[in-house]
Amino acid sequence: MKIIGTGSAVPSKSVSNEMLTGFLNTSDEWISTRTGIRTRRILTNEKLEDLAVDATRAALESAKISPDEVDFFICSNVSNNYVTPSLSAIVQEAVGSHAPCIDLNGACAGFIYSLDFADAYLQTDRAKNILILCAEEPTRFCDWHQRETSVLFGDGAGAVVVTKGDGLQSLHLTASPDKDVIYYKRRLENTPYEHRGVDVDEPLVMQGREVFRMAVESSQKDLDIVMTKAGVTSEQVDYFLLHQANMRIIKAIREQIKQPEEKFPTNIERYGNTSSASIPILLDELSREGKLKQDAILALSAFGAGFVTGAAVMKWNTINYD
Ligand code: ACO
């Protein structure tokens, strides 16, 4: 499998830490030192579908394929307005594709899970071109009265087009279920047969310190596994693209791996945690800036609610955005 196109989109509204102090008992100093976040983008007038469509079109355009040439469409998403139809179905109608499509909820690790599904389809010749879209609006599942969670997230979408090729060197997924560490619950209707009393939505609940610990531990282990499988050392990796959850998590992983800061590009300072969209947005930015050279070795690692994790090593093929 190789990536032949990338795209991304973020909301136009940028919200600084200072702006949050108007209604939350927090400070720029607390947020920036504990998380590295300075601003985040938040959906206001646009909808998540708009970002998703923009990111998808940009990925298709850079891959130089038409929507008709997509054979399968995977959308990684935790939550959006529609429970059904899937977000992938909504987006594919908007872009004019007729490929089979499905949503996948792998929380913040959804991009790596999607890469694995796509690889299986390509390896078994069930598809030639696959579109992977990660579109997330985590700002809509936080309780904005709770400073512990609401300051951490931002909205965004990132997409890639993949086809057969020699880019993917190794991939590893894990799940160690612990639903109490991070969860978000939605209300279901009562039936005549089961009355649960007042069934209510529960915005994101997170044990921050536990997530922090699990993230650092799992990411380091996963990266070791994929680098060993791919036969590359950390010195040979050009960039480590880590899920953008917290700058201190990224720093802790970097210190374990003992590689220079320049190898760990970030955008969390500008976008906050955009869940599964964070790695494809970062990938799109680096690729369009020309920072990813032909055959560059990339190590990807993400972790999220579940607790699920995924990592991969890829050899990059440059993309022409003209
Ligand atoms: N502003 C000011 N103070 C705050 C805020 C805030 N926004 N949030 C918490 N505090 C306070 C707490 O109330 C606490 O006060 P106390 O000492 O008086 O009790 C103090 O700051 C310290 O809180 P901690 O939770 O101990 O702070 P910590 O250093 O652990 O940082 C954080 C918290 C940033 C959440 C960190 O634990 C973290 O990043 N964890 C990982 C989170 C993460 O990656 N989530 C992504 C999940 S991925 C997914 O799938 C959704």
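The values are calculated or read from the model by the stated rules, or taken from the named source; none is laboratory data. Computed from a predicted model, the values in this text were never measured in an experiment. All Cβ positions, even for glycine, are placed from backbone atoms using ideal geometry, and neighbour counts span all protein chains on display. With ligands, DNA and RNA removed, areas are computed over all heavy atoms of the protein, side chains included. Shrake-Rupley method; radii C 1.70, N 1.55, O 1.52, S 1.80 Å.
Can you find, within segment 165-177, the residue that is farthest from the chain's Cα centre (by Cα) among those that are surrounded by 15 or more Cβ atoms within 10 Å (Cβ to Cβ) and under 24 Å from Ala135 (Cα atoms)?
By that ranking, first place goes to Gly167.
For segment 190-205, check the following and say yes or no: at least one residue is of a type in the set (Gly, Ala, Ser), surrounded by fewer than 19 Cβ atoms within 10 Å (Cβ to Cβ) and under 24 Å from Gly110 (Cβ atoms).
no
Give the residues of segment 13-54 that are within 16 Å of the ligand (Cβ to nearest atom) and among the charged types (D, E, K, R), sorted by residue number.
Scanning segment 13-54 gives Glu18, Asp28, Glu29, Arg34, Arg38, Arg40.
Within segment 2-14, does at least one residue satisfy the condition of being in a loop (DSSP other than H, G, I, E, B) and either in the same structural domain as Thr266 (by TED's automatic domain parsing) or surrounded by fewer than 21 Cβ atoms within 10 Å (Cβ to Cβ) (or both)? Step through it out loud before you land on a result.
Of the residues in segment 2-14, the ones in a loop (DSSP other than H, G, I, E, B) are 10-13.
Next cut, either in the same structural domain as Thr266 (by TED's automatic domain parsing) or surrounded by fewer than 21 Cβ atoms within 10 Å (Cβ to Cβ) (or both) only: 12-13.
Yes: one or more hits.
Rundown of residues vs (1) in contact with a Lys or Arg (Cβ under 7 Å, 6 or more places away or on another chain); (2) outside any strand (DSSP E or B), yes/no style:
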site: Leu133; (1), (2): no, no
site: Cys142; (1), (2): no, yes
site: Thr149; (1), (2): no, yes
site: Val160; (1), (2): no, no
site: Asp166; (1), (2): yes, yes
site: Leu171; (1), (2): no, no
site: Asp178; (1), (2): no, yes
site: Tyr183; (1), (2): no, no
site: Glu189; (1), (2): no, yes
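With the condition kept exactly as written, say whether any residue in segment 134-145 is open to solvent by less than 40 Å² (accessible area, probe 1.4 Å), under 15 Å from Gln92 (Cα atoms) and away from the ligand (no atom under 12 Å from the Cβ).
Within segment 134-145, one or more residues are open to solvent by less than 40 Å² (accessible area, probe 1.4 Å), under 15 Å from Gln92 (Cα atoms) and away from the ligand (no atom under 12 Å from the Cβ).
Scan segment 10-53 for residues that are within 20 Å of Arg288 (Cβ to Cβ) and in contact with a Gly (Cβ under 7 Å, 6 or more places away or on another chain) and report the count.
3
Filter segment 1-43 down to the residues that are among the basic types (Lys, Arg) and within 18 Å of Ser79 (Cβ to Cβ) and list them by number.
Passing the criteria: Arg40, Arg41.
Evaluate segment 84-91: report whether one residue or more is open to solvent by less than 30 Å² (accessible area, probe 1.4 Å), among the small types (Gly, Ala, Ser) and closer than 20 Å to Leu283 by Cα.
No, every residue in segment 84-91 fails to be open to solvent by less than 30 Å² (accessible area, probe 1.4 Å), among the small types (Gly, Ala, Ser) and closer than 20 Å to Leu283 by Cα.
Within segment 21-41, work out how many residues are part of a helix (DSSP H, G or I) and among the hydroxyl-bearing types (Ser, Thr, Tyr).
3
Given the conditions (1) surrounded by fewer than 20 Cβ atoms within 10 Å (Cβ to Cβ); (2) assigned to a loop (DSSP other than H, G, I, E, B), report the number of the one that Ala94 does not fulfil.
Failing condition for Ala94: (2).
Among Glu18, Glu49, which is free of Cβ contacts under 8 Å to residues at least 24 places away in the same chain and part of a helix (DSSP H, G or I)?
Glu18
Let me confirm something: among Ser27, Ser62, Ser32, which residue is assigned by TED's automatic domain parsing to the domain that holds Asn80, touching a Phe, Trp or Tyr at 6+ places or on another chain (Cβ under 6 Å) and not aromatic (Phe, Trp, Tyr)?
Exactly one residue qualifies, and that residue is Ser62.
Quick check on segment 44-53. Is at least one of its residues in contact with a Cys (Cβ under 9 Å, 6 or more places away or on another chain) and either closer than 26 Å to Phe73 by Cα or open to solvent by less than 40 Å² (accessible area, probe 1.4 Å) (or both)?
Yes; the residues of segment 44-53 include at least one that is in contact with a Cys (Cβ under 9 Å, 6 or more places away or on another chain) and either closer than 26 Å to Phe73 by Cα or open to solvent by less than 40 Å² (accessible area, probe 1.4 Å) (or both).
Considering only segment 21-34, I want to know if a residue exists there that is within 30 Å of Gly208 (Cα to Cα) and surrounded by 21 or more Cβ atoms within 10 Å (Cβ to Cβ).
yes
Quick test of your reading of the structure: Ile65 fulfils all but one of (1) outside any strand (DSSP E or B); (2) surrounded by 24 or more Cβ atoms within 10 Å (Cβ to Cβ). Name the failing condition by number.
(2)
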